[in-house]
Amino acid sequence: MELPFAESYKIKMVETIKKSTREEREKWIKEANYNLFNLKSNQVFIDLLTDSGTGAMSDKQWSAMMLGDESYAGASSYYNLKNTIKELLGFEYFLPTHQGRAAENVLFSATVKEGDLVPGNSHFDTTKGHIEFRKAKAIDCTIDEAFDTEIDHPFKGNVDLTKLENTIKEHTPEKIPFIILTVTCNSSGGQPVSIENMKGIRAIADKYNIPVYYDSARFAENAYFIKIREKGYENKTIKEIVKEMFSYADGMTMSSKKDAIVNMGGFIALKSEETFKKATVFNIVFEGFITYGGMSGRDMNALAQGLDEGTEFDYLNTRIKQVAYLGQKLTDFGIPVQKPYGGHAIFVNAKKFLPLVPKEEYIAQTLAVELYLEAGIRGVEIGTLLADRDPDTRENRYPALELLRLAIPRRVYTNNHMDVIAVALKNVFDRREQITKGFNIIDEAPIMRHFTVKLERK
Ligand SMILES: *Cc1c(COP(=O)(O)O)cnc(C)c1O
């Protein structure tokens with residue numbers, strides 16, 4: 001008999017989580033103005049709001065923290081991290097930042113100006129925010145297959161190379177400071193980009209002399225999918241694949257809170273000394289001196305260790321199999337979820353799940369609230385609230401997909417938790433005919449409204 005799959009780690013420390021009654025949850029979510037970001041964490045039983053900064057650090061990461069060097073300049077922790085980035089990712093230059101969006105802020109301050117266009121594959125919300133904040137535009141060149149949740153395409157994060165080249169030709173290369181490639185592509189459902197596509201993007205970039213930066217939060221999960229799905233990579237190690245991926249990039253921004261399995265941190269890594277010098281000025285202004293830039297020495301040490309552990313096959317296999325386990329349970333219940341399953345999350349197709357809720361009433365948000373009421377599970381809307389308003393017309397942007405994202409924190413929950421999530425969602429699915437109304441906005445911020453938006457029931 002073949003042995004069943006089991007996690008490649010055991011548990012050394014536990015944290016209690018609390019159940020609640022439906023009555024309590026009704027009260028709490030109303031007080032939170034039906035925005036799940038406003039809930040207190042102890043009002044949540046299973047927290048799938050994000051996989052960002054919510055992972056469990058290892059014993060080795062905690063012990064690396066004890067060896068942190070808190071010197072203002074030239075700390076050994078900085079050199080430790082610098083060497084890891086050079087060895088693992090292949091970049092000569094690096095700047096620490098306090099998280100991923102800070103890396104975007106610093107790099108884009110040095111590169112993006114008003115009227116510019118930044119093509120890429122479904123830009124992440126903070127990436128788009130930092131582009132639009134500079135009165136530049138993000139152009140989505142993702143392949144069309146990404147927008148059909150049923151198609152089983154292995155690399156739904158891929159860029160449509162024709163769309164990309166047409167965008168460059170139409171707007172002249174001078175208007176394009178760089179191409180940004182998000183690996184895996186968060187906004188299209190944690191879907192990977194193939195090596196073949198990375199090579200294609202590199203070739204176009206070289207033809208027009210445009211740099212390529214990777215938004216790399218989940219680069220290791222992307223490498224895992226390449227190993228599993230792309231021909232010729234099945235016998236390569238994750239670390240070899242990671243090296244090859246970044247060999248086609250000029251630089252990267254990183255949210256270390258994802259694949260580097262730390263609770264806070266980020267960085268920029270670059271090949272060009274010139275861009276590094278430009279970015280350094282902004283790093284010092286916004287983040288801190290170049291050898292710590294927003295991070296303490298101990299956190300840089302934990303990050304260096306996390307980068308190493310996060311690019312090990314056994315760890316990634318455990319993680320991605322757990323996400324797929326939840327995806328399969330939901331599929332077995334007949335619940336419409338995005339296929340293939342993403343690396344860090346399962347995305348429920350809310351339009352199909354709740355066909356009676358009008359799009360003007362925030363379909364995915366309605367489903368997120370229902371799941372919370374059902375079992376104290378907190379997912380997140382990836383739909384109209386997140387898509388925000390058009391910066392020119394101020395009209396709501398209605399994205400092709402309304403998704404409820406169930407992000408799985410790294411090394412945190414067991415498959416028993418996955419079973420609870422699946423059954424809770426099935427219970428909501430069984431009463432979907434009764435769910436016909438969503439929400440109105442009563443208050444919203446001018447940019448990135450989803451974090452603070454206040455809603456009322458229709
Ligand atoms: C999380 C994330 C960011 C932003 O990083 P923070 O650490 O949250 O600031 C940028 N891009 C992608 C793809 C992300 O997933």
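The values are calculated or read from the model by the stated rules, or taken from the named source; none is laboratory data. Quick caveat, the model's predicted, so the values are computed rather than measured. Cβ coordinates were reconstructed from backbone atoms using ideal geometry, including for glycine residues, and neighbour counts include every protein chain displayed. The area values use the complete protein model at the heavy-atom level, side chains included, leaving out ligands, DNA and RNA. Shrake-Rupley method; radii C 1.70, N 1.55, O 1.52, S 1.80 Å.
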> Say we look at segment 187-216 and pick out the residues that are open to solvent by less than 10 Å² (accessible area, probe 1.4 Å) and in a loop (DSSP other than H, G, I, E, B); which of these is nearest to LEU117 (Cα to Cα)?
Replying inline: ILE210
> Would you call THR253 in the same structural domain as VAL106 (by TED's automatic domain parsing) and either without any contact (Cβ under 8 Å) to a residue 24 or more places away in the chain or more than 16 Å from the ligand (Cβ to nearest atom) (or both)?
Replying inline: no
> Quick check: anything in segment 151-161 under 10 Å from ASN121 (Cα atoms) and open to solvent by 10 Å² or more (accessible area, probe 1.4 Å)?
Replying inline: yes
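Quickly run through segment 393-427 and pick out the residues that are among the aliphatic types (A, V, I, L, M) and in contact with a strand residue (DSSP E or B) (Cβ under 8 Å, 6 or more places away or on another chain).
Answer for segment 393-427, where residues must be among the aliphatic types (A, V, I, L, M) and in contact with a strand residue (DSSP E or B) (Cβ under 8 Å, 6 or more places away or on another chain): LEU401, LEU403, LEU404, LEU406, ALA407, ILE408, VAL420, ILE421, ALA424, LEU425.
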> Which of the strands (runs of 3 or more DSSP E) contained wholly in segment 364-454 include at least 2 residues that are over 23 Å from ALA138 (Cα atoms)?
Replying inline: 403-407, 439-443
>> Being buried (at least 17 other Cβ atoms within 10 Å of the Cβ), more than 11 Å from the ligand (Cβ to nearest atom) and over 22 Å from the mean Cα position of the chain (by Cα) is the requirement here; does ILE241 meet it?
In response: no
> Checking LEU307 against (1) under 17 Å from the mean Cα position of the chain (by Cα); (2) more than 21 Å from SER63 (Cα to Cα); (3) part of a helix (DSSP H, G or I), which single condition isn't satisfied?
Replying inline: (2)
>> Testing LYS86 on (1) open to solvent by 10 Å² or more (accessible area, probe 1.4 Å); (2) within 12 Å of the ligand (Cβ to nearest atom), one condition comes back false. Which one is that?
In response: (2)
> Quick one: which of LYS227, LYS236 is in a loop (DSSP other than H, G, I, E, B), under 16 Å from ASP314 (Cβ atoms) and open to solvent by 30 Å² or more (accessible area, probe 1.4 Å)?
Replying inline: LYS236
> Do we find that SER8 is part of a loop (DSSP other than H, G, I, E, B), at pLDDT below 95, open to solvent by less than 90 Å² (accessible area, probe 1.4 Å) and touching a helix residue (DSSP H, G or I) at 6+ places or on another chain (Cβ under 7 Å) in this structure?
Replying inline: yes
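Taking into account only those residues within segment 256-273 that are within 13 Å of GLN99 (Cα to Cα) and part of a strand (DSSP E or B), which is farthest from the ligand (Cβ to nearest atom)?
Among those that are within 13 Å of GLN99 (Cα to Cα) and part of a strand (DSSP E or B), it is ILE268.
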> If you take the residues in segment 372-409 that are open to solvent by less than 20 Å² (accessible area, probe 1.4 Å) and without any contact (Cβ under 8 Å) to a residue 40 or more places away in the chain, which one is farthest from ASP51 (Cα to Cα)?
Replying inline: THR384
> Which number in (1) open to solvent by 90 Å² or more (accessible area, probe 1.4 Å); (2) farther than 30 Å from GLY376 by Cβ; (3) not in a helix (DSSP H, G or I) marks the one condition that VAL14 misses?
Replying inline: (2)
